[in-house]
1. Hey, among the residues in segment 48-106 that are among the hydroxyl-bearing types (Ser, Thr, Tyr) and surrounded by fewer than 19 Cβ atoms within 10 Å (Cβ to Cβ), which one's farthest from Val16 (Cα to Cα)?
2. Arg37 fails exactly one of the following numbered conditions: (1) part of a loop (DSSP other than H, G, I, E, B); (2) out of contact with any helix residue (DSSP H, G or I) (no Cβ under 6 Å at 6 or more places or on another chain). What is the number of that condition?
3. Hey, among the residues in segment 55-106 that are polar (S, T, N, Q) and within 17 Å of Leu30 (Cβ to Cβ), which one's farthest from the ligand (Cβ to nearest atom)?
4. Mind counting the residues in segment 107-147 that are assigned to a loop (DSSP other than H, G, I, E, B), away from the ligand (no atom under 16 Å from the Cβ) and either over 14 Å from the mean Cα position of the chain (by Cα) or of a type in the set (Ser, Thr, Tyr) (or both)?
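Every number in this text was worked out from the coordinates using simple rules, so none of it is lab data. Everything quoted here is computed from the prediction, not taken from an experiment. Here Cβ is always computed from backbone atoms with ideal geometry, including for glycine, and neighbour counts include all displayed protein chains.
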Amino acid sequence: MNVEADGLFGAPPITVVVGEEVHPSLLKALGLLGLGRNRVVKVPLDSQGRMRPEAIPFVTSPALVCTQVGNVNTGACDPVGDICERTRTSGVWVHVDGAFGLWAAASPSLAYLTDGVEQADSWATDAHKWLNVPYDSNTARLRESEA
Ligand SMILES: *Cc1c(COP(=O)(O)O)cnc(C)c1O
């Protein structure tokens, strides 16, 4: 399908899975992309505010699981490695919203909070939070350059 030429008409619906405390900007982005802010499946969290991998419903491709590392209010980091293992066989794309917490990977005492993030398909992070640079300094990375 050539989205630029033909638009999204006729495209298969994409299931989007998020945690119950998804950052509002992620929902905004889904709306801008045409994936729909309200069409998400919300996964319940554990007592620490992390997405519960076993509570993710069985979804098949095309699907996108948006994990969060971490929650800007609580610091909670989803267990991305466990989530990747649970969804890998079904060909689901796993994204890490690491706007706030992905920088923990650079800290020897906090890196355990990001265990498994290397198994994801894409990562976004902000430099304007922990790195304290001007607003709107963001990066996005994809595992496959073609994507
Ligand atoms: C801050 C934050 C965002 C939004 O990023 P901005 O670039 O500041 O708009 C998204 N997700 C999480 C988890 C955040 O903490």
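1. Our first condition is that a residue be among the hydroxyl-bearing types (Ser, Thr, Tyr); within segment 48-106, this holds for 60-61, 67, 74, 87, 89-90.
Right, trim to surrounded by fewer than 19 Cβ atoms within 10 Å (Cβ to Cβ) and you get 60-61, 74, 89-90.
Values: Thr60: 11, Ser61: 10, Thr74: 23, Thr89: 17, Ser90: 14 Å.
Selected residue: Thr74.
2. (2)
3. In this case the residue turns out to be Thr67.
4. Keep residues of segment 107-147 that are assigned to a loop (DSSP other than H, G, I, E, B), which gives 107-110, 115-116, 120-121, 127-137, 143-147.
Adding the requirement that they be away from the ligand (no atom under 16 Å from the Cβ) leaves 107-109, 115-116, 121, 143-147.
Right, trim to either over 14 Å from the mean Cα position of the chain (by Cα) or of a type in the set (Ser, Thr, Tyr) (or both) and you get 107-109, 115, 144-147.
Final tally of qualifying residues: 8.
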